[in-house]
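A.B. asks: Sharing a structure with you now.
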Amino acid sequence: MSTPPLSLEDRATGALVGAAVGDALGGAVEGWTPEAIAKRHGGRVTGIVEPFYKDDWRTARPIAPYHKGDGHVTDDTLMTHALVRVYEKVRDHLDAYAIADHLVPELITTPRWIPDMAAEALPLQRIFLAEKWIVARLHYGHVDPREAGVGNIVNCGAAMYMAPVGLVNAGNPDAAYAEALDIAGAHQSSYGREAAGVFAAAVAAACAPGATPGSVVAEALRLAKDGTRSAIEAVCETAARYDDPEEALAPLREAVAPYDTVGPEYRNPSLGARRPSRLHSIEELPIALGMLLVADGSYRTAVLGSVNYGRDCDSIATMSGAIAGALAGESAVPQEWSGEVARASRLDLRAPGLALAAVAREVFSRDVERRRAHEERFAALAGAA
């Protein structure tokens, strides 16, 4: 008997649970090299681990004051869930103005439990400087939302929470790409904005029945521009030669290095880091796609490969986890991980995916109505000729 196709709900929960679990696993070793990770843990990370500095997480630099590890999600998941709540309010496609009107209030008005701060606080107090930029520019600066991302550091900040855009446009990578570019314009410019569009497109492509890691990468390459496309192509060409993440760690880093502006020392970026450029790319998305290929779509293998890669591995594992989860559904995410991350982070990891699937169904119905109305108008117009 053939396996029944995965439902929209299964793919949406798979993507968002998968993203959150990847974030939690990667957060514990974020910023370190593969060598430092192996030394600290006596080998490669194979699941949820304690903070890098154990009980000194509140004061030990450079991690303090965040309790990363022990199954705690980071700002990647906080921003992803905030965007889901925006979709729940608007119940339609989003644009840059929705970020100003709805996401900014989410960040500055409603206290939430912040797992890696072990406290209830405004999300604004947890998010990184590149995300605080949204509030400074839109709430205090009253900048046109479509242009607010200009001037911000160019990093993965916008891309890391764009999985919901891909799910709302499930099966339609072109629409996901366009919507994410519009949304991300309030946050990022240049290759940071481009990566947001391509990641959303990859999630949308992963939702298509019969999708494979190869088809996801093909759609990403079809849509990606400039350095982002070149970086994905270089990394994925390298990834195709490997089926073991351990063997692929150094080659994938070597492949992406010419496009990455941060440089060899992740915590000591060069003066040219994170500036706009048509030649460069963020590191996280190409590596996530590369690990997806190395793992042949296996959630566990792709996420652990992303985690042990080091550097910005919480965001890399967020992205690979979201795509692998969308490809194979929620059952692909090990329950021993998702259950512990939900418990430790005090979050319902499934609810955002189910809520977003309901929104996606409503949006699709509206899209059909809008398309039919356009078809009628165009047919009348064309017939009049």
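A.B. asks: Rounded, prolate or oblate, given the Cα gyration tensor of the chain, with a/c below 1.5 counting as rounded?
C.D. replies: Judged from the Cα gyration tensor, the chain comes out rounded (a/c under 1.5).
A.B. asks: Please report, as a whole percent, how much of the solvent-accessible surface of the chain comes from carbon and sulfur atoms (probe radius 1.4 Å).
C.D. replies: Carbon and sulfur together cover 53 percent of it.
A.B. asks: Hey, got a sec? Which GluC sites (Glu not before Pro) in the stretch 99-184 land in a DSSP loop and have at most 13 other Cβ atoms within 10 Å?
C.D. replies: Hits after loop and neighbour filter: 147.
A.B. asks: Then there is this: If the chain between residue 44 and residue 58 were fully stretched, how many nm would it gain, using 0.36 nm times the residue separation less the Cα-Cα distance? Present the calculation step by step, with values, prior to reporting the outcome.
C.D. replies: Details: separation 14, 0.36 × 14 = 5.04 nm, distance 2.46 nm.
Here the answer is 2.6 nm.
A.B. asks: Expressed as a rounded percentage, what relative contact order does the chain have, with Cα pairs under 8 Å and six or more residues apart? Each step should come with its number before you reach the end.
C.D. replies: On the way: 797 pairs, mean separation 104.7, N = 385.
Relative contact order, the chain: 27 percent.
A.B. asks: In whole angstrom, note down how far apart the Cα centers of the stretch 166-208 and the stretch 83-155 are.
C.D. replies: About 17 Å separates the Cα centre of the stretch 166-208 from the one of the stretch 83-155.
A.B. asks: For a Förster distance of 45 Å, can you work out the FRET efficiency between the beta-carbons of residue 343 and residue 273, rounded to the nearest 0.05?
C.D. replies: Working: r = 37 Å, r/R0 = 0.82.
Approximately 0.75, to the nearest 0.05.
A.B. asks: Under the 0.36 nm per residue contour assumption, what length would be gained going from the current alpha-carbon distance of residue 215 and residue 144 to full extension?
C.D. replies: 21.9 nm
A.B. asks: Sorted by average packing, counted as other Cβ atoms within 10 angstrom per residue and highest first, what order do 36-49, 148-161 take? Provide the component values of the computation, followed by the final result.
C.D. replies: On the way: 36-49: 14.9, 148-161: 25.5.
So the order, starting with the most tightly packed, is 148-161, 36-49.
A.B. asks: Please state the shape class of the stretch 220-342: rounded when a/c is under 1.5, otherwise prolate if a/b exceeds b/c and oblate if not, all from the C-alpha gyration tensor. Before the final figure, lay out each step's value.
C.D. replies: Details: a/c = 1.84, a/b = 1.58, b/c = 1.16.
It is prolate, given that a/c is not under 1.5 and a/b is the larger ratio.
A.B. asks: How long is the gain from residue 240 to residue 335 if the chain were fully straight, where each residue apart is worth 0.36 nm and the alpha carbon distance is subtracted?
C.D. replies: Contour length minus Cα-Cα distance gives 31.3 nm.
A.B. asks: Name the GluC sites (Glu not before Pro) in the stretch 238-311 that are in a loop by DSSP and that have at most 16 other C-beta atoms within 10 Å, would you? Present the calculation step by step, with values, prior to reporting the outcome.
C.D. replies: Values: sites: 246, 247, 254, 265, 283, 284; in loops: 265, 283.
Passing both the DSSP loop test and the Cβ count: 265.
A.B. asks: Still on this structure: In the structure displayed, which of 89/225; 68/225; 68/132 lie more than 24 Å apart, Cα to Cα?
C.D. replies: Going by Cα-Cα distance, 89/225; 68/225 fall outside the 24 Å limit.
A.B. asks: Taking only DSSP H segments of four or more residues, each worth -39500 (n - 2.57), what value at 222 nm results for the chain once the sum is divided by all its residues, to the nearest 500 deg cm²/dmol?
C.D. replies: Using -39500 (n - 2.57) per qualifying helix, the result is -17500 deg cm²/dmol.
A.B. asks: Express in Å², to the nearest 10, the accessible area of residue 86 obtained by rolling a 1.4 Å probe over the protein heavy atoms while all chains stay in place.
C.D. replies: 0 Å²
A.B. asks: Measure off 7 Å from each Cα along the Cα-to-Cβ vector at residue 381 and residue 361, then give the distance between these two points in nanometres to one decimal.
C.D. replies: Result for the modelled spin labels: 3.4 nm.
A.B. asks: I've got another one for you. Measuring from label point to label point, each 7 Å out along Cα→Cβ, what is the residue 122 to residue 265 span in nm?
C.D. replies: Inter-label distance under the simple model: 3.5 nm.
A.B. asks: Let me ask something else. Over the stretch 242-305, what is the mean sequence separation of C-alpha contacts under 8 Å (at least six apart), divided by residue count, expressed as relative contact order in percent?
C.D. replies: 39 percent
The values are calculated or read from the model by the stated rules, or taken from the named source; none is laboratory data. Computed from a predicted structure; not experimentally measured. Positions of Cβ are generated from backbone atoms using ideal geometry, with glycine treated the same way; all protein chains shown enter the neighbour counts. When the accessible area is computed, the model is the full protein with side chains, heavy atoms only, and any ligands, DNA or RNA have been set aside. Shrake-Rupley method; radii C 1.70, N 1.55, O 1.52, S 1.80 Å.
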